[in-house]
Amino acid sequence: MDIQIVISLVLIGVLAGILSGLVGVGGGVIMVPLLVLLLGFNQHQAQGTSLAVLVVPVTAIAVYTYHKEGYIDWRYVGIIAVFFIIGGYFGSKMAVNLDQKMLKKIFGVILLLIAGKMLLEK
């Protein structure tokens, strides 16, 4: 691993962390595209790396800040988390069996749909 790769990884981590704390995005929206574009990862590698980063409680400080301000309803968190685990299991099983090009297209369409909805919403 050379210095350029280390610098790229540091920048990806800082940007994902800032945006995660700021607007709640980081993994899929920031890390995955940058790992593909900056470091030449394929879609499977980028998604797997992004998920692996999130296994460690990297967002704990940001969560603490939101919790301190009263912005988290832990009942909702618990329900979402249980089903996120289930969905993550089945989603990963599907993803590893998809062709790289198809997976990248699905990823892009989902980002576009979400962006369009948020930009056009009143």
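The values are calculated or read from the model by the stated rules, or taken from the named source; none is laboratory data. Keep in mind that what you see is a predicted model, and the values were worked out from it rather than measured. Positions of Cβ are backbone-derived with ideal geometry, glycine not excepted, and every protein chain shown enters the neighbour counts.
Can you give me the number of residues within the range 1-50 that are small (Gly, Ala, Ser) and modelled with pLDDT of 85 or more?
6
Somewhere in the range 5-18, is a residue in contact with a Phe, Trp or Tyr (Cβ under 9 Å, 6 or more places away or on another chain), in a helix (DSSP H, G or I) and farther than 24 Å from Val109 by Cα?
no
Of the residues that make up the range 51-66, is at least one surrounded by 11 or more Cβ atoms within 10 Å (Cβ to Cβ) and in a loop (DSSP other than H, G, I, E, B)?
Checked the range 51-66: at least one residue is surrounded by 11 or more Cβ atoms within 10 Å (Cβ to Cβ) and in a loop (DSSP other than H, G, I, E, B).
If you check Gly70, Gly78, which single one turns out to be loosely packed, with under 11 Cβ neighbours inside 10 Å, outside any helix (DSSP H, G or I) and free of Cβ contacts under 8 Å to residues at least 24 places away in the same chain?
Among Gly70, Gly78, only Gly70 is loosely packed, with under 11 Cβ neighbours inside 10 Å, outside any helix (DSSP H, G or I) and free of Cβ contacts under 8 Å to residues at least 24 places away in the same chain.
Checking Gln43 against (1) under 26 Å from Ser8 (Cα atoms); (2) free of Cβ contacts under 8 Å to residues at least 24 places away in the same chain; (3) in contact with a helix residue (DSSP H, G or I) (Cβ under 7 Å, 6 or more places away or on another chain), only one condition comes out false. Which one?
(2)
If you check Leu38 against the conditions, is it surrounded by 13 or more Cβ atoms within 10 Å (Cβ to Cβ), touching a residue at least 24 places away in the same chain (Cβ under 8 Å), more than 10 Å from the chain's Cα centre (by Cα) and assigned to a helix (DSSP H, G or I)?
Taking the combined requirement at face value, the residue satisfies it.
Quick check on my filter: what residues within the range 81-106 are without any contact (Cβ under 8 Å) to a residue 12 or more places away in the chain and of a type in the set (Val, Ile, Thr)?
Listed by number, the residues that qualify are Val82, Ile85, Ile86, Ile106.
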